[in-house]
Structure formats: structure tokens, C-alpha cells
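Contents: one structure, followed by commentary.
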Amino acid sequence: MLREQCIKHIDKNINGVIKITDQKKTYWLKIGGEDKSNFIRKISSLAGKLNLLSCFQSKATMNSWSRFEHEKSMLLYLNSIGFQVPQIALEGKRFFVTSDQGLPLSQVEAERITDDILLQLINLFIKLHNADIAHGRPALRDILIDQHNQLSLIDFEESIMHASPKLKARDVYLLLMDLCRIKQLTVAQKRKALCYWKQQVPDEYWNSLLEIHQLLRKFKCLAHCVLYFKKNNKLSRQFIETCHLFDTFL
């Protein structure tokens, strides 16, 4: 039944992720083919080839099938080492199906994002980085929480094997930026989580994170200018808040 449902969706030439229910269990069907190689991502990829701007390295310019196969291989590998990712229940030439692991953090009540969840989140990325992998573009929508408040990661299309300390540090920077979406989280809570990460990782990771901050904070004035004309620009607000967080360490 599950395979038949998948084939029906694939035959409609739909790309992306589709929710499927089979025998009262929830699954997610991912169909390859979505093109994410836009102009901004191409510029980021080119910039990432320069040593100074290596934190902008991206796999988004890979063709859709390469990204799809890369993600599938990464999920299988992470499952094999016991990392918290959804298991692949079914796979085929153009698709794979994963078991449901709960809601994205972007969709849960803010009260569920406690200090314990933040600590679990930081440990999740420490574990990923200890496996020598960078997620590539972490966001709250890529972090799932189940009914037992256990976290797992999804969306590994832009993940990087044998990642450098700078790319692992970039994961943390992007994660901190997206945490700004949760208004109930205080600077003190994020600072505590960041201090914990700093204590658990090699100095090289922390130094790489500070280098990213020093580079990006040069664009802080630009973010303020954007807010002058677009007061509700979320990205600019997240960026400024993250800069403020790091400035408390300097």
C-alpha cells in the first residue's frame, strides 16, 4: 500500500515532500527533482571557493539528482552510526520515504523550547560534527521534536562530509540566527547554550565561529538600513540579534 501511494504521487510529476498515512502510521515521501540553484546560491558557492569566504560554501548548485542521491546516502550513513535522523522505510529511483519523527521546532509551542531542549539541540550538532559532517543550512524547520521531546535532524541535501571547522562553526551560527525566531528565548539562554558548545568543542571551532562573526558583522549597518525601509524584515532582525549575542563575548 505504501509503495502504491508513492507511485501515484510520482506519476503526477510532483517534486518535494509529501505526507502519507499508511496503516495509521505517518510517513514522508521525498521526490527528487527540485531545482535550488538560484542566483544567490550560485554566488555563495563561488564565494565559498575563496579561503576567506569559505563559510559560504554550498552544495545548492549541484544538479537536483546529485543532491537527492547525496541526501539519501547521508541518511543511510547517519542511521548506520546511530545518529538521530528518520529511518528510510522505502526507496526507489526517484524517491525515498522516511518515518515520521514529530513536528519541526518552527511549528511547536515556544514553551516546549526549554533549556533542556536547547542543551539537547547543541549536543545533537556536537554529535553530528564529531562524525565529521556539517549539516550545511540548519534551521528550525529541519529539527524535529517527537512526543517524548527527543530531537532529530532532517534535510541533508547540502550536508558536507569531512567538513572543515569553519563549516561546522557556520552550522552553529545559522542555528543561532534561526533561534531568534523564538521570541521567548532570551539572550541569556542563547549565551548559556553557546558557552556550553564552546566548552565541548576544540578551540579551532570556537575561533572559526568568531572569524565568521567578525566577517559578517561588517554588514551590520546594511541590515540596519534594510530595517529602516522594511521594518519587519526578519532576516535583518535575526542577523542583528545574533551580532549582539556574539558582541557580548568580545
Count of residues meeting criterion [outside any helix (DSSP H, G or I) and aliphatic (A, V, I, L, M)] in the stretch 147-172: 6
Test for residue 144: is it aliphatic (A, V, I, L, M), under 26 Å from residue 21 (Cβ atoms) and either open to solvent by 10 Å² or more (accessible area, probe 1.4 Å) or part of a helix (DSSP H, G or I) (or both): yes
One residue from 212, 182 being part of a loop (DSSP other than H, G, I, E, B) and under 18 Å from the mean Cα position of the chain (by Cα): 182
Residue under evaluation residue 64, criteria (1) open to solvent by less than 20 Å² (accessible area, probe 1.4 Å); (2) under 28 Å from residue 7 (Cα atoms), criterion not met: (1)
Lone qualifier among 73, 106 - being assigned to a helix (DSSP H, G or I), open to solvent by 60 Å² or more (accessible area, probe 1.4 Å) and over 24 Å from residue 180 (Cβ atoms): 73
Pairs, first free of Cβ contacts under 8 Å to residues at least 12 places away in the same chain in the stretch 229-250, second surrounded by 11 or more Cβ atoms within 10 Å (Cβ to Cβ), C-beta under 6 Å, six or more apart: 233/226; 233/227
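The values are calculated or read from the model by the stated rules, or taken from the named source; none is laboratory data. In this text the structure is predicted, and so the values were computed from the model without any measurement. For neighbour counting, all protein chains shown are included, and Cβ atoms are generated from backbone atoms with ideal geometry for every residue, glycine included. Just the protein is used for accessible areas: all its heavy atoms, side chains included, with ligands, DNA and RNA removed. Shrake-Rupley method; radii C 1.70, N 1.55, O 1.52, S 1.80 Å.
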